[in-house]
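We did not get these values from a lab; they are worked out from the coordinates using the rules stated. It should be emphasised that the depicted structure is a prediction, and the values quoted were computed from it without experimental measurement. Every residue, glycine among them, receives a Cβ derived from its backbone with ideal geometry; neighbour counts consider all protein chains shown.
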Amino acid sequence: MEKRITTNNETPIVVGLDIGTTKICVTVGRRSGTNKIEVLGVGYAESSGVNRGMVANIQKTVSSITQAVEAASVQSNVNINIVHVGIAGQHIKSLQHRGILTRKDDTEINRKDIEQLVEDMYKLVLPPGEEIIHVLPQEFTIDNEPGIKDPIGMAGRRMEANFHIISGHVSAVKNIQKCVAKANLEAQELILEPLASSEAVLDEAEKDAGVVLVDIGGGTTDVAIFHEGIIRHTAVIPLGGNIVTEDVKQGCSVLRNQAELLKIRFGSALADENRDNEIISVPGLRGRDHKEISVKNLAYIIQARMEEIIEHVYYEIKSSGYERKLIGGIVITGGGAQLKHLVQLVEYVTGLDCRIGFPNEHLAKNEELPKKVFDELKSPLYATGIGLLIKGIEAAEYNADSKEKPGKLDVVGISERGRSRFGFLDRIVKFISDDSNVNVDDKEYTK
């Protein structure tokens, strides 16, 4: 990313990289004068090397990233070097943990105390092959006084906190890092994709009331539950829009690209909403007769799989313990949210209110961006890309602000976006560099 500051509002330009199962999307933007996100350019490419959110083919993924970055760079006229990368996949896990810090005296609690508490969480012992990605503080307890959300400035000796910890496989993260590096880019930080999507489509009132974000992507469905403004539960379900396309392909005996078109143009999540006499004619293979498919039968195939995905989501809601506390209901976003009658099906299966989340309320109009591209950005398809931009801009502003005002702290900022110094990728690089200083003969490894 080009290291330059805009002249109008002195906000840095940041780049978000969404490595998805069906598409790789690069968004370039900055904060506008109206405190919204001004998108300068967008680039996307078909993702052929990613399976269910995890990199399956390094070379194909690098090629797609390079293609998307070039398109975004040309449109935004920005030289892209640094990116904020989204991470998802079925390897993502979450857990709750409690940390305790005993201070030497009763002086005011400052940023260093919170940083120390957060850093202690990164030392948590996890199963082999797993590494902590995010440490998200929930509530603090100061000298046995519970329910404190921002302890900065308070006096206290014993500081406790509940943390929501998100972990992932080291190998999956290293593969993403390798792809980004081979595309001649530098990853500023890793951001869990449901956290990014929530920034784009949820407001603070919803998070405070209690809401479930469901991001239905191509390979995975991401779930994030918020209550009282705090993230309470995260999960990644290894089912998405691609498996629906496979069902249509098998059930209707058509080609994959035809199945995808059938799903997008005629698909419905509720079969009863379609008429019996509606028929689609699909071209046959190499001179064979056209195939006729009933719209209602197509909807039955789609509905069966979508019900399974929603049941998995509902299980996560019940296992979180917040089923009865979700006043805001469910917000669905991602490419899968564009399916007709999905809102009604979600409400029927879960009994909770539902709406589709659009990232348009955070977007500021950019006259230089083509109108067609700007209108496309308002689709749920780009919720994660816009969310990565928001997270990246907040991280840049937080880092700049903390340098100017060392005493000031945003508690959530430490864990979610201020990790450039103690970031996961930085620790991997440090680990590799530490190992490189040790001279070990190759024969030692074979013993």
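Percentage of Cα-Cα pair distances in segment 231-272 greater than 12 Å, rounded to whole percent?
On the way: 551 of 861 pairs.
Within segment 231-272, distances greater than 12 Å cover 64 percent of Cα pairs.
For the residues 362, 290, what sequence is obtained by ranking on other C-beta atoms within 10 Å, fewest first?
Placing the least packed residue first, the sequence is 290, 362.
In units of 2.2 N^0.38 Å, what is the alpha-carbon radius of gyration of segment 92-169? Walk me through the numbers before you get to the answer.
Details: Rg = 13.2 Å, N = 78, 2.2 N^0.38 = 11.5 Å.
In units of the 2.2 N^0.38 Å rule of thumb, it is 1.15.
As a footprinting exposure proxy, order 379, 73 by other Cβ within 10 Å, with the fewest listed first.
Details: 379 16, 73 20.
Fewest to most other Cβ atoms nearby, the residues stand as 379, 73.
Based on the Cβ-Cβ distance of residue 154 and residue 324, what FRET efficiency does E = 1/(1 + (r/R0)^6) give at R0 = 30 Å, to the nearest 0.05?
Values: r = 32 Å, r/R0 = 1.06.
For R0 = 30 Å, the calculated efficiency reads 0.40.
Rounded to two decimals, what is Rg over Rh for segment 202-357 when you use alpha-carbon atoms and the Kirkwood radius? Spell out each step's value before the answer.
Numbers: Rg = 17.2 Å, Rh = 16.3 Å.
My calculation of the ratio gives 1.06.
Given a Förster radius of 45 Å and the C-beta distance between residue 348 and residue 286 as r, what FRET efficiency does 1/(1 + (r/R0)^6) yield to the nearest 0.05?
Computed FRET efficiency for residue 348 and residue 286 comes out at 0.60.
If you stretched the chain out fully between residue 59 and residue 275, how much longer would it get, using 0.36 nm times the residue separation minus the C-alpha to C-alpha distance? Mind dumping the intermediate values first?
Working: separation 216, 0.36 × 216 = 77.76 nm, distance 4.59 nm.
So the chain would gain 73.2 nm between residue 59 and residue 275.
What nm distance separates the two modelled labels at residue 79 and residue 178, each placed 7 Å from Cα along Cα→Cβ?
2.9
Normalise the Cα radius of gyration of segment 301-403 by 2.2 N^0.38 Å (N = residues in it) and let me know the number. Provide the component values of the computation, followed by the final result.
Values: Rg = 17.3 Å, N = 103, 2.2 N^0.38 = 12.8 Å.
Output field value: 1.35.
List 263, 182, 112 from most exposed to least, where exposure is judged by having the fewest other Cβ atoms within 10 Å. Walk me through the intermediate numbers first.
Details: 263 22, 182 15, 112 10.
Result, fewest neighbours first: 112, 182, 263.
On alpha-carbon atoms, Rg over Rh for segment 1-158 using Kirkwood Rh? Could the numbers behind the result be given before it?
Numbers: Rg = 20.9 Å, Rh = 19.1 Å.
Taking Rh as the inverse mean 1/r over Cα pairs, Rg/Rh reads 1.10.
If I model a spin label at residue 256 and residue 126 as a point 7 Å from the Cα along the Cα→Cβ vector, what separation in nanometres do I get?
3.1
What residue among 109, 144, 166 has its Cα farthest toward the positive end of the dipole of segment 92-169, where the charges are +1 on Lys, Arg and -1 on Asp, Glu, each on the Cβ?
Of the candidates, 166 comes out farthest on the positive side.
List residues of segment 308-351, by number, whose backbone nitrogen lies under 17 Å from a label position 7 Å along Cα→C-beta of residue 203.
It comes to 327-332, nothing else.
Within segment 150-192, find all residues whose amide N lies under 19 Å from a label point positioned 7 Å from the Cα of residue 100 along Cα-to-beta-carbon.
156-164
Taking only the alpha-carbon atoms of segment 84-224, what semi-axes of the equivalent ellipsoid follow from 5 times the gyration tensor eigenvalues under a square root, in whole Å, largest first?
Ellipsoid half-lengths, sorted descending, are 31, 20, 14 Å.
With n ≥ 4 as the cut-off for DSSP H runs, can you work out [θ] at 222 nm for the chain, using -39500 (n - 2.57) per run divided by the number of residues, rounded to the nearest 500?
On the way: 14 runs with 168 residues, N = 447.
When only DSSP H runs of four or more count, the value is -11500 deg cm²/dmol.
On average over all directions, what projected area in square nanometres does the chain have, based on the convex hull of its Cα atoms?
Its average projected convex-hull area is 26.3 nm².
On a 25 Å Cα-Cα criterion, which of the cross-link pairs 178/371; 207/318; 93/207 come out too long? Can you show the working numbers first?
Numbers: 178/371 35 Å; 207/318 18 Å; 93/207 21 Å.
Flagged as over cut-off: 178/371.
Once the piece of chain linking residue 186 and residue 36 is laid out straight, how much longer is it, given 0.36 nm per residue of separation minus the C-alpha distance between them?
Values: separation 150, 0.36 × 150 = 54.00 nm, distance 2.56 nm.
Between residue 186 and residue 36, full extension yields an extra 51.4 nm.
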